[in-house]
Amino acid sequence: MRMKVSKWKKTIILDIMLAPALILTLIFSYIPMAGLVMAFQNYKPALGMTGSQWIGLDHFEFLFSIPENIQLIWNTLIIAGMKMAANLIVPFIFALLLNEIRRIFFRRMVQTIVYMPHFLSWVLVGGILIDLLAQNGGLVNQTLTSVFGMKPIFFMGDGDWFRFVVVVSDVWKEFGFNTIVFLAALAGINPSLYEAAEADGAGRWQQTWAITMPSMLPITIVVGTLALGSILNGGFDQIFNLYNALVFDKGDIIDTFVYRYGIIGGKFSFSTAVGLFKSIVSLVLIVMAYRMAYKLANYRIF
């Protein structure tokens, strides 16, 4: 008993430091889960969750019966998949290139510059992109027509070009932040490995190929597999600030459809049902990804 009390006294400071995070998680993540009952109700705000009619799985049946269902899921998977791949490859390559810079001041300056766009909101970035990519008067199209003699491209009105803009702008905004993980992995590589390779006559490229890249492979597998859990999140903030009715066929994702139909249209129960569906799929994917990360990279949290 005394051992338990003394152990509790040793960790009480850490427990107090952890308490605010636990309280916030409880308030904002667990208590609101009681609202999931709306997914099985014809929820009316005036009646509340206790007085609204129970309708079972009707909202889920409607979700899989709407004509746009397949296209919405397909759009979400394509956009999220391209983002996931690009945000894995680009930071990986950039971290390798940044690691080759020998001047520490210049390296930190470059890292800071590419890191800054992460803090810009998509409201601001979306407005800038819409102005830059405008078909008439946009800086990009003016350059294409005057310098290269090309016809103006309707970036924000053509579905294929819209997907390209979404992926490229997301990579530009986030690759600096995502690079931090790979730079941390690079910092953990034993310098003696490079010294031994250099003594054997290996050049910079040979050292990168034989030491750096294999050392970064485990964290790359971890980042890639864990990202599978968000495959149904195409990025609502970004899409909402960029898309329009002209690109609904290839740019409309599950979250933006739910916003228009469920939130704006007052279909709160349907919105909850879609959120529950996404959460279940994400949970399954996260569990599978965690198992994959453990088997492929020996990564585990518990």
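The values are calculated or read from the model by the stated rules, or taken from the named source; none is laboratory data. Model, not experiment: these values are computed from the prediction. We place every Cβ from the backbone using ideal geometry, glycine too, and count neighbours over all the protein chains shown. Each accessible area value is taken on the protein alone, full model and side chains, heavy atoms only, with ligands, DNA and RNA left out. Shrake-Rupley method; radii C 1.70, N 1.55, O 1.52, S 1.80 Å.
Starting from 0.36 nm per residue, how many nanometres of slack lie between residue 10 and residue 36 once their C-alpha separation is accounted for? Working shown, then result.
Values: separation 26, 0.36 × 26 = 9.36 nm, distance 3.96 nm.
Working it through step by step, the gained length comes to 5.4 nm.
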Given a Förster distance of 41 Å, the FRET efficiency implied by the Cβ-Cβ spacing of residue 279 and residue 93, rounded to the nearest 0.05, works out to 0.80
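How fast does the range 53-188 diffuse by Stokes-Einstein, in µm²/s, taking the Kirkwood radius from C-alpha pairs at 10 °C and 1.306 mPa s?
Numbers: Rh = 18.1 Å.
It comes out at roughly 88 µm²/s.
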Counting all Cα-Cα pairs in the range 1-120, those more than 22 Å apart amount in percent to 72
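Expressed as cubic angstrom per residue, what is the convex hull volume of the alpha carbon set of the range 57-297?
Details: hull volume 38.2 nm³, N = 241.
Normalising the Cα hull of the range 57-297 by residue number yields 159 Å³.
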The percentage of Cα-Cα pairs in the range 131-180 separated by more than 14 Å is 58
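With every protein chain left in place, what is the accessible area per residue of the range 57-297 in square angstrom, probe 1.4 Å? List each step's numbers first, then the result.
Working: 13220 Å² over 241 residues.
Roughly 55 Å² per residue, with all protein chains present.
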Here the FRET efficiency for residue 23 versus residue 86, based on Cβ atoms and R0 = 45 Å and rounded to 0.05, is 0.75
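Using just the alpha carbons, could you tell me how many Å³ per residue the convex hull of the range 155-276 encloses?
Convex hull volume per residue, Cα atoms: 129 Å³.
Accessible area, 1.4 Å probe, largest first: how do 200, 237 sort? Show your work: numbers first, answer last.
Details: 200 135, 237 95 Å².
Reading off the accessible areas and sorting them downward yields 200, 237.
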With the 8 Å Cα cutoff and a minimum separation of six or more residues, the range 57-297 has a relative contact order in percent of 31
Length gained if residue 61 through residue 295 is fully extended, taking 0.36 nm per residue and subtracting the Cα-Cα distance, is 80.6 nm
Under a 1.4 Å probe, counting only protein heavy atoms, residue 107 has an accessible area in Å², nearest 10, of 70
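Any number yet on Rg/Rh for the range 170-225, C-alpha, Kirkwood?
Rg/Rh: 1.07.
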Counting only protein heavy atoms and leaving out ligands, DNA and RNA, the solvent-accessible surface of residue 63 at a 1.4 Å probe, in Å² to the nearest 10, equals 20
With all protein chains present and a 1.4 Å probe, the order of 77, 246, 96 from largest accessible area down is 246, 77, 96
Under a 1.4 Å probe, counting only protein heavy atoms, residue 104 has an accessible area in Å², nearest 10, of 90
Net charge near residue 252 (other residues with Cβ under 13 Å of its Cβ; Lys, Arg +1; Asp, Glu -1) is 0
Charge tally for neighbours of residue 159 with beta carbon under 13 Å away, counting Lys, Arg as +1 and Asp, Glu as -1, is -2
